[in-house]
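What follows is a single structure, written as structure tokens, with notes after it.
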2 protein chains.
Amino acid sequence: MSRSRNETSNGAGGTAVLRRAPLSRERVLRAAVVLADEAGIDSLSMRNLAQELGVAPMALYKHVANKEELLDGMVSVVVAEIDPPATGRDWKCGVREMVLSARRALLRHPWAPQVIESRTQAPPIVLDYMNSLIGMFLEGGLSADLTHHAMHALGSRMWGFTQEVFPTPAPPADPDAQAVMFREVAQRYPHIVTIATIGSHDEGTAPGGGCDDQFEFEFALDVLLDGVERLHQKGWTSAGRKHS
Amino acid sequence: MSRSRNETSNGAGGTAVLRRAPLSRERVLRAAVVLADEAGIDSLSMRNLAQELGVAPMALYKHVANKEELLDGMVSVVVAEIDPPATGRDWKCGVREMVLSARRALLRHPWAPQVIESRTQAPPIVLDYMNSLIGMFLEGGLSADLTHHAMHALGSRMWGFTQEVFPTPAPPADPDAQAVMFREVAQRYPHIVTIATIGSHDEGTAPGGGCDDQFEFEFALDVLLDGVERLHQKGWTSAGRKHS
DNA sequence: GGGTGAGGTGTACGGCGTACACCTTCGATA
DNA sequence: TATCGAAGGTGTACGCCGTACACCTCACCC
């Protein structure tokens, strides 16, 4: 409808006449990230994304091969947001800092863990990230052997998230039903109730009511890094342990 | 077609005339597990499962509310395969043994990790499992506080798997292309190549060629358990660390 | 000025989960 | 023994999904 002359000649070339902002892989990926951020990953269908961009669904396939590649691209966008750590630090601090930066990026995109775990190929930028993490271990003096296993031990935590399997069920709204359920739960799962009701002073009624995710994450990360450090200091090699 | 008298009166009641084995929640769940085991989780659609059972798709909905509940049930079937550890052991051995039993169960059902991670509610048997894990920590003398964080730190590893994000890409078949790619990879990701080519003596050509998953799992599990044990011996509490 | 290739469109196909109305069967009850 | 109601199974249909394929348009270049 309203395509005025004003939209013309917007760049160095000086000859482009744009009816609408032209699609590009970049634009598609960014729109996908925004859509997933705002509407949830379940709302990210090729059709929805196309609509968001004011374009026919099939137009997207001129810029991404298929939905899998779209998801790969979205992961790349997120990983590109991870900051490299300040240089010249202790390897443990460096790794810690970088992983926590990854975590900050992931928290901005709640869909990312799930999508990352579903990938079957690592995009190049993802390998770059892993490469620099490994580099920090190696430059810190850890053996390639120990570094290898440390990376495996980090697992998904190197992306800044811990898959929280079976998230806490929300307690029922009705206070009576809540009391009944609490009694039943306490009887069948006494240990769960024991550990769930310490620390969460505000909300002691439901298992795991108020965990501090950030604290849990750093706790686990530090246990791992401290453990690896200790093994390093002991001169650990996998040979001595392989069949014990 | 061929429903003979031979199929009648097959049980205690003595009056049942069966045209085919009757459906039941139990049968549906077990068939779903078998189908997922054999054909992969992607082949598990309500339609496929119904066909496998010789039944119309909608018949399944008389036994499970919807596909989510079907998946919940399948997880329950797998978790039921986990053996409780021998009693009277050190807490660390007990936990270790039980987690490794969980791992054995999971390895029999390769689809399980993915399905477990997609659950939003824990079925009762899953809570039973967590409850008994927690019980072992507590009976071992660990504080509820430390146990709580230890469980979080275990994360998905308490189910016997480590989500291997970005699995190793398969090297190209063509040996020439393989050599070229290896050079490129070594240039861009030197650290990855460094840690990938140690230890895997048979297959040193591709990153991460031949990792021993079981070893990696136990390594990480032991780092965590040892770390927790050390904190326990030091009388660790979360209070001292919460804002350091 | 005609050809070319990149980018966008429209239609259609086969799959999915499942709502809904329906039919059959069978045990419990009047 | 007649009736009824519930439990279990069926068939159809709807609205999603990813995407193959043929087509159109139009800027650009020889």
Taking a label point 7 Å from Cα toward Cβ, how far is A:PRO172 from its twins in the other copies, in nm, shortest first? 6.2
Using a 1.4 Å probe on the protein heavy atoms only, what accessible surface does A:SER43 show? Give it in Å² to the nearest 10. 40 Å²
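Which loop-located GluC sites (Glu not before Pro) does region B:19-90 contain, where loop means any DSSP state but H, G, I, E or B and the Cβ has at most 16 other Cβ atoms within 10 Å?
Numbers: sites: B:GLU26, B:GLU38, B:GLU52, B:GLU68, B:GLU69, B:GLU81; in loops: B:GLU81.
Qualifying residues, ordered by number: B:GLU81.
Taking both sides together, what accessible area is buried at the A/B interface, probe 1.4 Å, expressed in Å² and rounded to the nearest 100?
Details: alone 15570 and 15580 Å², together 25620 Å².
So the buried area, both faces added, is about 5500 Å².
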What is region A:19-64's relative contact order, in percent, from Cα pairs under 8 angstrom and six or more apart in sequence? 35 percent
State, as an integer percentage, the relative contact order of region A:15-92 based on alpha-carbon contacts under 8 Å between residues 6 or more apart. 29 percent
Could you give, in nm with one decimal, how far A:ARG25 is from each other copy of that position, shortest first, with labels 7 Å out from Cα toward Cβ? 5.0
Using the Karplus curve 6.51 cos²θ - 1.76 cosθ + 1.60 with θ = phi - 60°, work out ³J(HN,Hα) for each residue of region A:87-104 in order, rounded to whole Hz, and write x for Gly and Pro. 7, x, 9, 3, 4, 5, 5, x, 4, 4, 5, 5, 5, 5, 5, 4, 4, 4
Those residues of region B:180-198 for which accessible area with every protein chain present is at least 40 Å² below the isolated value (1.4 Å probe): B:ARG188, B:TYR189, B:HIS191, B:ILE192, B:ILE195, B:ILE198
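Averaged across the residues of B:213-225, what count of C-beta atoms belonging to other chains lies within 10 Å of each residue's C-beta?
Values: counts 1, 0, 6, 7, 3, 2, 11, 9, 1, 4, 11, 5, 2.
Going residue by residue through B:213-225 and averaging, the value is 5.
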Amide H neighbours of B:GLN163 at under 5 Å, excluding residues fewer than 5 places away on the same chain, with H built from the backbone geometry, are A:SER156
Calculated label separations, B:GLY40, copies of the chain, 7 Å along the beta-carbon direction, nm: 2.8
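Would you kindly calculate the mean projected area, averaged across all directions, of the convex hull enclosing the Cα atoms of region A:19-64, in square nanometres? Spell out each step's value before the answer.
On the way: hull surface 11.6 nm².
Approximately 2.9 nm², given one-decimal rounding.
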Normalised by the empirical 2.2 N^0.38 Å for globular proteins, what value does the Cα Rg of region A:50-145 take? 1.34
Checking the cross-link filter: which aspartates and glutamates have an alpha carbon closer than 20 Å to that of B:LYS234, excluding same-chain neighbours under 8 positions apart? A:GLU216, A:GLU218, A:ASP222, A:ASP226, A:GLU229, B:ASP90, B:GLU139, B:ASP145, B:ASP222, B:ASP226
Per residue, how large is the accessible surface of region A:44-123? Use a 1.4 angstrom probe and give square angstrom. 49 Å²
In Hz, Karplus ³J(HN,Hα) per residue of region B:115-130 (6.51, -1.76, 1.60; θ = phi - 60°; x = Gly, Pro): 6, 4, 5, 8, 6, 10, 10, 8, x, x, 5, 5, 5, 4, 4, 4
Which aspartates and glutamates does B:LYS62 reach when only Cα atoms under 18 Å apart count, and residues fewer than 8 places away in its own chain are ignored? B:GLU26, B:GLU52, B:ASP72
With θ set to phi - 60° and the Karplus curve 6.51 cos²θ - 1.76 cosθ + 1.60, what are the ³J(HN,Hα) couplings of region B:214-219 in order, to the nearest whole Hz, using x for Gly and Pro? 4, 4, 4, 4, 5, 4
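Below 8 Å between Cα atoms, with a sequence gap of 6+, how large is the relative contact order for region B:74-148 in percent?
Details: 49 pairs, mean separation 28.6, N = 75.
With pairs under 8 Å counted, the relative contact order is 38 percent.
The values are calculated or read from the model by the stated rules, or taken from the named source; none is laboratory data. Values in this document were obtained by computation on a predicted structure and should not be read as measured data. Cβ sites come from the backbone with ideal geometry, for glycine too, and all protein chains shown count toward neighbours. The accessibility values were calculated without ligands, DNA or RNA, using every heavy atom of the protein model including side chains. Shrake-Rupley method; radii C 1.70, N 1.55, O 1.52, S 1.80 Å.
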